[in-house]
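Colleague: Below you'll find the structure I mean.
The values are calculated or read from the model by the stated rules, or taken from the named source; none is laboratory data. Everything numeric in this text was worked out from a predicted model, so none of it was measured. Backbone-built Cβ (ideal geometry, glycine too); neighbour counts: all protein chains shown.
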Amino acid sequence: MNEVLVKTINLVKNFPIKGGLFSREVASVKAVQNVSLEIYKGETLGLVGESGCGKSTLGRLLLRLIEPTYGSISIRGKNLLEFSRKQLRQARRQMQMIFQDPYASLNPRMTVESILDEPLKVHNIGGNRKARRERIFELLNLVGLRPDSIYRYPHEFSGGQRQRIGIARSIAVHPEFIVADEPISALDVSIQAQIINLMQDLQEKFGLTYLFVAHDLKVIEYISDRVAVMYLGKIVELTFSKEIYKNPLHPYTQALLSAIPVPDPKARKQRIILTGDVPNPIDPPSGCCFHPRCPLDKVEACKSVEPELREVAPGHWVACHLV
C-alpha cells in the first residue's frame with residue numbers, strides 16, 4: 001500500500017447560511033476543516049465519528065459531488081478541481097459511490113436493468129444493447145442476485161437486495177475508488193455481515209480502494225486497514241486499524257472505543273463519559289475543537305492553539321497537545 005491513489009491537502013467545505021432582506025451570507029457551517037490525508041491503492045480507510053462531524057461531506061468532496069471552499073483533491077496525482085466538465089465525467093469511471101439509504105438511492109420508476117444499464121450507456125461501456133445486457137447479468141451474479149431480477153423494480157426487493165443493486169451499479173464502470181457512505185447502517189445485523197463480506201470479495205477480485213464511512217466501530221475494525229477519526233470537521237487521529245484499537249492516543253478516540261459493547265463483563269473497560277454536547281459547527285471553539293469536552297487535564301494551549309496533526313509513531317498521526 002505504498003501507491004497513493006487519492007490525496008487531499010487542506011480541504012475545507014463551508015456551507016453558507018443566508019438571511020436578512022437580501023439573503024446575504026450571515027454565517028457558515030464549517031463542515032470540513034483543513035483535512036489532509038492520503039488513501040493508498042487497494043486499502044480500506046475507515047472514517048468514524050459522531051453524527052454531524054463531516055464524514056459524509058468529506059466523502060462527497062473526494063468525488064467532487066460537492067465543490068470544496070478551498071484546498072485540493074487529487075486522484076493519481078491529477079487535481080480534480082482543475083478538471084473541466086468533460087474531464088470530470090471521464091474521471092467518474094474511476095470514482096463511484098455506494099449510498100447509505102438503499103431505499104432512496106434507486107429510482108423507483110426504473111427496472112434493475114435500466115438502473116444498471118444507465119452508467120454503461122453514459123460511459124460508453126459494453127457496446128450494443130445485447131453486450132450491455134450480458135454485462136448486467138455478470139454484475140447481478142457478482143453481487144449474488146438472480147438473473148430474472150432485471151425485470152423487477154426496487155420496491156420488489158428487500159433492503160439488503162437493494163444495497164446489492166447499489167453495489168452492482170457502483171462497480172459497473174470498473175472503478176478504482178469507491179466511497180461507501182454508511183452502506184450497512186440501514187440494514188439488519190445479519191444482512192450487514194453479508195454486505196461487508198461481499199464488498200471485501202469484490203475488493204479482492206477487482207483491486208478496489210474504499211473509503212468506508214460508518215458509526216459502528218466493530219465494523220470498522222473488521223473491514224479497515226487504517227482508521228481516521230473525525231471530530232467537528234477535522235481528522236484528530238489516523239493510524240492502522242489494529243493500532244488504533246490497541247493504543248488509541250487521542251482522548252476522543254479513547255472515549256469512542258470505551259463505548260463499544262463487550263460481551264464479557266470482566267473484559268469491559270472503564271467507560272469514558274464525555275460532558276456537554278458537540279459544539280456548534282457554525283461557531284466552533286478556538287484552539288483544539290475538542291477541548292470543551294476533553295476529560296484530560298487541559299493546558300492553556302488547548303484553548304488557544306489549534307493542534308497540528310503530527311506523526312507521533314510510524315504511521316500514527318494525532319492532533320493533540322497532550323500526546
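Colleague: Out of the residues in segment 182-232 that are of a type in the set (Gly, Ala, Ser) and over 30 Å from residue 278 (Cα atoms), which is surrounded by the most Cβ atoms within 10 Å (Cβ to Cβ)?
Modeller: Filtering first and then ranking leaves 193.
Colleague: Taking only segment 169-192 into account, find how many residues are assigned to a helix (DSSP H, G or I) and under 18 Å from the mean Cα position of the chain (by Cα). Step through it out loud before you land on a result.
Modeller: Narrowing segment 169-192 to residues assigned to a helix (DSSP H, G or I): 169-171, 189-192.
Narrowing the set further to residues that are under 18 Å from the mean Cα position of the chain (by Cα) leaves 169-171, 192.
Residues in segment 169-192 being assigned to a helix (DSSP H, G or I) and under 18 Å from the mean Cα position of the chain (by Cα): 4 in total.
Colleague: Further question: Could you identify the single residue in 35, 12, 26 that is β-branched (Val, Ile, Thr) and in contact (Cβ under 8 Å) with a residue 60 or more places away in the chain? Quick ask: steps written out before the conclusion?
Modeller: On the way: 12 fails: in contact (Cβ under 8 Å) with a residue 60 or more places away in the chain; 26 fails: in contact (Cβ under 8 Å) with a residue 60 or more places away in the chain.
Of the residues listed, the single one that is β-branched (Val, Ile, Thr) and in contact (Cβ under 8 Å) with a residue 60 or more places away in the chain is 35.
Colleague: Let me ask you something else. Can you name every residue in segment 1-11 that is more than 16 Å from the chain's Cα centre (by Cα), closer than 9 Å to residue 72 by Cα and of a type in the set (A, V, I, L, M)? Spell out how you get there, then give the answer.
Modeller: Narrowing segment 1-11 to residues more than 16 Å from the chain's Cα centre (by Cα): 1-4, 9-10.
Pick out the ones that are also closer than 9 Å to residue 72 by Cα and you get 9-10.
Correct list: 9 only.
Colleague: Quick one: count up the residues across segment 300-320 that are part of a loop (DSSP other than H, G, I, E, B) and either among the acidic types (Asp, Glu) or surrounded by 14 or more Cβ atoms within 10 Å (Cβ to Cβ) (or both).
Modeller: Let us first name the residues in segment 300-320 that are part of a loop (DSSP other than H, G, I, E, B), namely 305-309, 314-315, 319-320.
Checking the rest, the ones that are also either among the acidic types (Asp, Glu) or surrounded by 14 or more Cβ atoms within 10 Å (Cβ to Cβ) (or both) come to 306-309, 319-320.
Number of matching residues: 6.
Colleague: Checking residue 127 against (1) buried (at least 19 other Cβ atoms within 10 Å of the Cβ); (2) at pLDDT below 90, only one condition comes out false. Which one?
Modeller: (1)
Table: residues versus (1) part of a helix (DSSP H, G or I); (2) farther than 17 Å from residue 174 by Cα; (3) free of Cβ contacts under 8 Å to residues at least 60 places away in the same chain.
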position	(1), (2), (3)
53	no, yes, no
60	yes, yes, no
81	yes, yes, yes
93	no, no, no
103	no, yes, no
115	yes, no, yes
132	yes, no, yes
140	yes, no, yes
150	yes, yes, yes
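Colleague: Which members of segment 62-79 meet the condition of being assigned to a loop (DSSP other than H, G, I, E, B) and either of a type in the set (Val, Ile, Thr) or crowded, with 16+ Cβ neighbours inside 10 Å (or both)? Before the answer, list the steps.
Modeller: Kept after step one, since they are assigned to a loop (DSSP other than H, G, I, E, B), are these residues of segment 62-79: 63-69, 76-77.
Correct list: 63, 64, 66, 68, 69.
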